[in-house]
Amino acid sequence: TDRKEQTFAGYSVSGGILARVSENLQAALVFRTPYRREIRSRSRLEYEAPSGGTVITIEDDADDAAEIPASIGLGLRLSLFSGFDAFAEATASFWSRYKVTFFGDSQTRDFADVLKAGLGLEYRAPVRLFGAAAVIPFRIGGIYDPQPPRTPRSAYAGITLGTGLHGKRIGLD
C-alpha cells in the first residue's frame, strides 16, 4: 500500500474595480496576487508478504511548497438595449512562473502563460408571478480555456446556457 497525505495552507489577495464607462458600457478589472501555498506532505509505503511474515514500512515527511502565479482579468458589459446585454471577459494567468516541490524534490513543470476568454449574451424577460413583477434571465455563452502544459497542448471549449427567476428581493439562477 502507498498512502500519501498533504495539507495545504496559504492565502492570496484578490480584488477588482468596476467602472461605468458610459450609460451602456461597464468594465471590470480583477486580479489575484501571486502567493506561496505551504504543503505538509506525509507518505507511508508498506509492503506486506503474510506468508513469509514480512512487513516493510517506509515513512517520509516533507515541508513542500507551491508558488502560484498571479492572474489578471478584464470584463466588459455592453447594454445593447433594455433587458439585453453582451459580455466579454479575458483572464491572463502567468503559469510560466509556477513552481512546486513534492517530498522535497523540485518538480519540472513546463507551463506556458495562458489567456482564457469568454463571450456571452443575456436577455431578461419581464414577467408577472402571482401578481408581482419578476424577471426571467436567458443566457448563452462560450468559453475557451487553454491549459498551461506546453506538451501536450490542450484546451477546453464550451457552450454555457443558463436561466433563473428574479423577484424584487430574491433570485434563483
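The values are calculated or read from the model by the stated rules, or taken from the named source; none is laboratory data. For clarity, every value in this text was computed on a predicted model and none was experimentally measured. No Cβ is skipped: glycine too gets one built from the backbone with ideal geometry, and neighbour counts run over all protein chains shown. Side chains included, ligands, DNA and RNA excluded: accessible areas come from the protein's heavy atoms. Shrake-Rupley method; radii C 1.70, N 1.55, O 1.52, S 1.80 Å.
Taking the condition touching a helix residue (DSSP H, G or I) at 6+ places or on another chain (Cβ under 9 Å), open to solvent by 40 Å² or more (accessible area, probe 1.4 Å), at negative phi and in a strand (DSSP E or B), does Glu59 pass? For Glu59, the condition - touching a helix residue (DSSP H, G or I) at 6+ places or on another chain (Cβ under 9 Å), open to solvent by 40 Å² or more (accessible area, probe 1.4 Å), at negative phi and in a strand (DSSP E or B) - is not met. Take the conditions (1) open to solvent by 70 Å² or more (accessible area, probe 1.4 Å); (2) β-branched (Val, Ile, Thr); (3) at pLDDT below 95; Thr54 misses just one of them, which is (1). Kindly indicate whether Ala49 is modelled with pLDDT under 95, of a type in the set (A, V, I, L, M), out of contact with any strand residue (DSSP E or B) (no Cβ under 7 Å at 6 or more places or on another chain) and open to solvent by less than 40 Å² (accessible area, probe 1.4 Å). Here the answer is yes, as Ala49 does meet what is asked.
Within region 101-117, the set of residues being modelled with pLDDT under 95, of a type outside the set (Gly, Ala, Ser) and either within 18 Å of Ser14 (Cα to Cα) or part of a strand (DSSP E or B) (or both) comprises Thr101, Phe102, Asp105.
Pairs meeting the criteria (first residue in region 132-150 and hydroxyl-bearing (Ser, Thr, Tyr), second residue loosely packed, with under 14 Cβ neighbours inside 10 Å and in a loop (DSSP other than H, G, I, E, B), beta carbons under 8 Å, at least 6 apart or on different chains) are lacking. Here Ser22 passes the criteria (1) open to solvent by 60 Å² or more (accessible area, probe 1.4 Å); (2) closer than 30 Å to Leu80 by Cα except the one numbered (1). Only a single item in (1) farther than 30 Å from Gly73 by Cβ; (2) open to solvent by less than 60 Å² (accessible area, probe 1.4 Å); (3) among the polar types (S, T, N, Q); (4) outside any strand (DSSP E or B) is not met by Ser12, and it is number (1).
One line per residue, one yes/no per condition, for (1) open to solvent by 70 Å² or more (accessible area, probe 1.4 Å); (2) touching a residue at least 40 places away in the same chain (Cβ under 8 Å); (3) under 27 Å from Gly142 (Cα atoms):
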| position | (1), (2), (3) |
| --- | --- |
| Ala27 | no, yes, yes |
| Ala65 | no, no, no |
| Leu74 | yes, yes, yes |
| Ser106 | yes, no, no |
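Could you tell me which numbered condition Phe81 fails, if it satisfies all but one of (1) more than 30 Å from Gln26 (Cα to Cα); (2) open to solvent by 80 Å² or more (accessible area, probe 1.4 Å); (3) of a type in the set (A, V, I, L, M, F, W, C)? Only one criterion in (1) more than 30 Å from Gln26 (Cα to Cα); (2) open to solvent by 80 Å² or more (accessible area, probe 1.4 Å); (3) of a type in the set (A, V, I, L, M, F, W, C) is unmet by Phe81, namely (1). Go through the residues of region 116-132 one by one and say whether even a single one is among the basic types (Lys, Arg), surrounded by 14 or more Cβ atoms within 10 Å (Cβ to Cβ) and under 21 Å from Phe94 (Cβ atoms). Yes, because at least one residue in region 116-132 is among the basic types (Lys, Arg), surrounded by 14 or more Cβ atoms within 10 Å (Cβ to Cβ) and under 21 Å from Phe94 (Cβ atoms).
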